[in-house]
1. Return the loop-located trypsin sites (Lys or Arg not before Pro) in region 182-256 (DSSP other than H, G, I, E, B) with at most 13 other Cβ atoms within 10 Å of their own Cβ; answer none if there are none.
2. Report, to the nearest whole %, how much of the accessible area of region 1-135 belongs to carbon and sulfur atoms, 1.4 Å probe, protein only.
3. Just flag the trypsin sites (Lys or Arg not before Pro) in region 69-120 sitting in loop per DSSP whose Cβ has no more than 13 other Cβ atoms within 10 Å.
4. Is any residue of region 97-114 close enough, with backbone N under 16 Å, to a label point placed 7 angstrom from the Cα of V140 along the Cα-Cβ axis, and if so, which?
5. Kindly report the accessible area of region 151-297 per residue (heavy atoms of protein chains, probe 1.4 Å, no ligands, DNA or RNA), in Å².
6. Please state the shape class of region 63-159: rounded when a/c is under 1.5, otherwise prolate if a/b exceeds b/c and oblate if not, all from the C-alpha gyration tensor.
7. Of all the stretches in the chain, which is the longest one without any exposed loop site, taking GluC sites (Glu not before Pro) in a DSSP loop (any state but H, G, I, E, B) with at most 16 other Cβ atoms within 10 Å?
8. Please list the non-local residues whose amide H lies under 5 Å from the amide H of T56, H modeled 1.01 Å from N, same-chain partners needing a gap of 5 or more.
Amino acid sequence: MLARPGANILLPRPGFPIYELCAAFRHLEVRHFDLLPEKGWEVDLDAVEALADQNTVALVIINPGNPCGNVYSYQHLKKIAETAEKLKTLVIADEVYGHLAFGRNPFVPMGVFGSIVPVLTLGSLSKRWIVPGWRLGWFVTSDPSGMFRNPKVVERIKKYFDILGGPATFIQAAVPGILELTDEVFFKRTINILKQSSDICCDRIKEIPCISCPYKPEGSMALMMKLNLSLLEDISDDIDFCFKLAREEFVIILPGTAVGLKNWLRITFAVDPVSLEEALGRVKSFCLRHSKQFERY
């Protein structure tokens, strides 16, 4: 809807790779800004300002974060909004993991800053309601200043949804009941399970010498781990690590290269605790077996 000749879009690194594919399909130039692990994966706003120009159509943020597990504070989200306003571009807020926050920062919808900058929010049933196969979500504009009242913009949005292959009608029919009747206990139980699993994940990672987690997740269902190749004798990079791990231990981890961060690893902790303990135990065995200090007899 935003694409035009010569336009570019600012995407986070690491981030959700589908954005790059969609941008390339529509001939949008992709420019990446870094997320800063030492600052809880906050947006590098100086980089955003350096990358943006008069052809920048949007700045994308993912909160709660995929693949990093971060949850942005109100203050940081406000700075993002102010930066986008300064650059005269809108914000696309991917909030598919909305409300799945279990750390010190509560989830704050980006739309609350719509009076500062126009916001397009993407939401979904997939994560919070645990129905990923349904492929059903929503698209919301937060725009008190009226940018999206432009007839051409509204027309583009309507045309997009006319050609979009939506979910089956019986799934659509279930939505009102799901939104209105889901008990709060369900959400609390989901949060508690994710918190427990993330704690297990971080504790077990500390026992594995060749990987580290610079930031304990506060939301979503995934985290990023840094791979220390200097401690491994026959692993060339993150992709090699993941292929050999799958072949030797039957554990699947996504290489960081897939989300834009070479020699990092993305792991999901949306797994039952017993399976998570087993998987990370296998990762530890794998790392010890490939360690430079490992003695073979």
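1. Values: sites: K188, R189, K195, R204, K206, K226, K244, R247; in loops: K206.
Here the trypsin sites (Lys or Arg not before Pro) that fit, given the DSSP loop and packing criteria, are K206.
2. Working: 3210 of 5850 Å².
Using a 1.4 Å probe with all protein chains present, region 1-135 comes out at 55 percent carbon and sulfur.
3. K88, R104
4. 97-101, 107-114
5. Values: 8510 Å² over 147 residues.
Heavy-atom accessible area per residue stands at 58 Å².
6. On the way: a/c = 2.66, a/b = 1.21, b/c = 2.20.
Because a/c hits 1.5 or more and a/b fails to exceed b/c, region 63-159 counts as oblate.
7. Working: sites that count: E207, E233, E295.
Result, exposed sites excluded: 1-206.
8. Sorted by chain and number, the residues that satisfy this are N8.
The values are calculated or read from the model by the stated rules, or taken from the named source; none is laboratory data. Because the structure is a prediction, the values reported are computed rather than measured. Reconstructed Cβ throughout: ideal geometry from the backbone, glycine too, with neighbour counts over all protein chains shown. Each accessible area value is taken on the protein alone, full model and side chains, heavy atoms only, with ligands, DNA and RNA left out. Shrake-Rupley method; radii C 1.70, N 1.55, O 1.52, S 1.80 Å.
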